[in-house]
Each structure stands twice: as structure tokens, then as C-alpha cells.
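Below is one structure; the comments refer to it alone.
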Amino acid sequence: MKRPAVAKTARMRVKVLGASALMLLLAACGDHPPKDDDDDEQPPAQAAISIVAGSATESGSTNATGEAARFNGPTGIAIDAAGNLYVADTGNTMIRKITPAGAVTTLAGAKGSNEFIDGLGDRARFVQPLALAIDSSGTLYLTDHMRIRGVSSAGQVSTVTTIPVGGNVDGRSMGMIIPRGIAADGRGHVLVTNGLSTRRIVAGATGMLEGVEVAQDLFGTQVAEARGVATDSNNNVYVFDLQRRISRTFNPLTVNANVLTPLAGAPNGRGAANGTGAAATFEQVVALTVDPQGNVYAADAVNNLVRKITPEGVVTTLAGTTRKDTLQPGNLPGSLAPIRGITNDGKGNLYLTSGNAVIKIRLP
């Protein structure tokens with residue numbers, strides 16, 4: 001009576017072993033049950049350094065989208081509340097606009113002009129548009145040789161003021177007086193730097209943060225480095241001062257606050273040392289921007305680095321490889337084409353003019 005049960009048990013064992021062998025065979029052949037598509041789906045990694053528009057190596061004046069557009073030696077850069085970027089396209093003597101989608105158009109000026117003409121759009125003319133800033137109302141300010149020009153959101157260009165020239169100044173010394181840095185605060189104050197001073201312009205009147213308002217007795221060939229200047233949400237001013245330090249005003253309740261306090265950098269030092277306060281060195285800070293948390297980001301040319309300075313004066317290197325000048329997109333630190341301008345969107349992204357391109361750096 002027990003043999004049939006034994007036989008039945010043996011047959012079941014054979015079936016189980018057969019099924020197990022089949023499963024092992026299928027597994028070896030890679031024939032796995034399909035997984036849910038969402039199990040391993042990850043968003044594509046976003047490069048920390050990427051091109052927004054233009055080419056780092058190729059110049060031109062083409063209006064197009066993204067890397068199909070072309071610039072010629074872009075310098076100053078600013079961003080509005082809607083995320084539109086504005087670029088002083090110095091070699092083309094134009095102001096260009098880049099939408100958040102990367103579409104490049106010409107806001108004002110014409111290619112190859114060499115005149116000071118106020119007007120709308122392509123009827124306006126520039127000589128040497130360099131530094132660029134934007135105020136809370138959306139008005140752009142730029143340095144154009146000895147003039148400060150204003151550009152409305154519609155492209156209407158006007159002349160705000162002219163930087164004065166003192167007596168007995170050799171024409172070869174004008175490079176010391178030409179403004180190369182500009183910022184605007186929330187009150188409509190315009191800050192301007194040249195090789196001799198940092199000035200605050202309020203309704204046509206000038207207050208000096210450092211240096212002399214009018215230079216006298218300048219002789220011989222003299223060309224000043226660009227010196228970056230920026231403002232924060234409290235209307236403090238940050239500047240790469242005449243002693244090669246990052247300094248700031250720290251008295252926002254005073255309407256015409258013109259006292260600078262050192263934040264970081266060794267007096268008259270040069271280099272790329274990171275550290276706190278005077279332990280750090282910079283080479284040539286041509287542009288500055290400040291984020292909502294009070295961190296300062298410096299475009300340190302020659303070193304070709306983006307440096308970060310905390311509110312406590314701690315300096316670190318964020319992007320770039322010291323003195324390398326070839327753009328390497330991708331992960332930080334990468335390397336950058338020669339940098340000239342910098343701004344930020346307040347959302348963890350920096351934008352720079354680098355070579356003939358506009359690039360984006362996603363902050364870590």
C-alpha cells in the first residue's frame with residue numbers, strides 16, 4: 001500500500017528538479033522577468049560646467065539658439081528677474097540678450113560701430129561696451145569708453161554721465177581713466193571702477209569710495225586692469241579695491257555709505273592662495289557677483305579661476321584650473337576659457353563670459 005505513495009513522491013521530486021533546472025537555464029541565458037521601468041530610471045546627470053550660448057573658440061555675430069550663436073570677445077554679463085541674460089558683446093559693439101531657452105538676439109547697437117549715438121535698438125551706437133550691470137527696474141548700465149550708458153528693456157539707449165578727465169593728461173594715459181567695472185544697487189545708485197578710483201553715482205552726483213575723482217598729470221602709456229564691483233540685496237558694495245583686496249561697505253542704513261572695509265586678500269598681493277582674510281591672494285579680479293546668502297564670487301582672470309568668498313572672508317576655488325585657458329565642460333573644477341564677466345541667478349547657478357561663449361556653472 002505504500003509503494004504508490006513513494007512513486008508519487010519521486011515523480012514530484014523529478015518535476016521540482018526539472019523546474020529548478022529550467023529556471024537556472026533561463027537565468028544563465030539572461031531571460032529575466034521584466035522590471036518595472038521606474039525601478040532604475042534616473043534623471044540624466046547635469047554637467048556642472050556647460051555652454052549656454054556661443055562657442056569658446058569661434059567668434060562671430062550670429063543670432064541663434066545655444067551653441068549655434070556667436071559672440072566676439074563678450075565681456076560684461078547681467079541677469080534680470082525673469083532669467084534673461086544680457087551680454088556686452090565688446091568685439092561686435094552690441095548688447096545681446098539670451099533667453100532662458102538660450103535664444104540669442106541683439107538688444108541694441110550694430111556690429112562694428114565706433115560712435116556714441118543714443119537711440120532705439122540697432123539705431124544706437126557704441127564704441128567700447130565693457131562692463132554691464134542691471135538695476136531692480138530692469139535698466140541696464142554699461143561702461144562705454146568714458147561714458148556710462150543706460151539701456152532699457154526695450155533697447156532704448158541713453159547716456160547717463162561721462163567720467164571726467166583731469167588736467168594735463170597724456171592721451172596715452174587714458175587707459176587708467178576708462179571705466180571697466182560697473183554695478184547698480186536697489187536704490188538706483190551706480191558704482192563704477194577705473195584704474196584710479198571707485199565712485200558712486202547718484203542722480204548725477206559723485207561720491208568716492210576710494211581714490212581720486214579727477215586725475216591730474218598723467219603721462220606715458222598706462223592701462224589699468226579691470227576691477228570688479230558688485231552689490232548685494234542690502235545695498236552693500238563689494239569691490240576689488242586699489243590694494244588688490246576684496247573690500248565692502250558694511251553700513252546699508254547710510255544712504256551714501258562710502259567706507260570700504262577689507263574682506264579678503266593680502267594688501268597688494270598676487271597669487272591664487274586660498275585662505276581666510278589676508279591669507280588669500282588674487283591675481284586680477286575683473287568681475288564680482290553676490291548671491292542671496294552674501295557669498296561673493298570672483299572672476300579671477302590670469303589665474304582664470306572662479307573664487308568664492310564667504311561673508312566671513314573664507315576664500316576657496318570653485319571652478320577652473322590655475323592659468324589654464326581651454327574650456328573643459330563637465331564636472332568641477334574643469335578649466336575655463338579666459339573669463340571676463342560673472343553674474344548669478346540666486347538659484348545656485350553662475351553665468352560667465354568665457355572665451356567667445358557664455359557658460360553656466362551649477363554650484364555644488
Stretched out fully, how many nm does the piece from Ala154 to Ser50 gain, at 0.36 nm a residue minus the Cα gap? 34.6 nm
Accessible area per residue for segment 220-364 in Å², computed with a 1.4 Å probe and the full protein assembly in place, what is it? 39
Over 23 Å between Cα atoms, which of Lys97/Lys360; Lys308/Lys360; Lys324/Lys347; Lys111/Lys347; Lys308/Lys347 qualify? Lys324/Lys347; Lys111/Lys347
With all pairs of different alpha carbon atoms counted, what Kirkwood hydrodynamic radius in Å does segment 186-277 show? 14.2
After finding the eigenvalues of the alpha carbon gyration tensor for segment 89-201, what semi-axes result from the square roots of 5 times each, listed largest first in whole Å? 24, 17, 12
Return the Rg/Rh ratio of the chain with Cα-based radii and a Kirkwood Rh. 1.28
Stretched fully, the stretch from Asp217 through Asn258 gains (0.36 nm per residue minus C-alpha distance, one decimal, in nm) 12.2 nm
Taking all protein chains as present, what is the carbon and sulfur share of the accessible area of the chain, in % to the nearest whole number, probe 1.4 Å? 54
Please identify the trypsin sites (Lys or Arg not before Pro) of segment 193-299 that satisfy two criteria: DSSP loop assignment and at most 16 other Cβ atoms within 10 Å. Which are they? Arg270
Taking 7 Å along the Cα-to-C-beta vector as the label spot, tell me the Thr206-Gln293 distance in nanometres, rounded to one decimal. 3.8
What distance in nm separates the two pseudo spin-label positions at Arg362 and Asn63, each 7 Å out from Cα along the beta-carbon direction? 3.1
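The values are calculated or read from the model by the stated rules, or taken from the named source; none is laboratory data. Keep in mind that this is a model prediction, so the values were computed, not measured. For neighbour counting, all protein chains shown are included, and Cβ atoms are generated from backbone atoms with ideal geometry for every residue, glycine included. Accessible surface areas use protein heavy atoms only, side chains included; no ligands, DNA or RNA. Shrake-Rupley method; radii C 1.70, N 1.55, O 1.52, S 1.80 Å.
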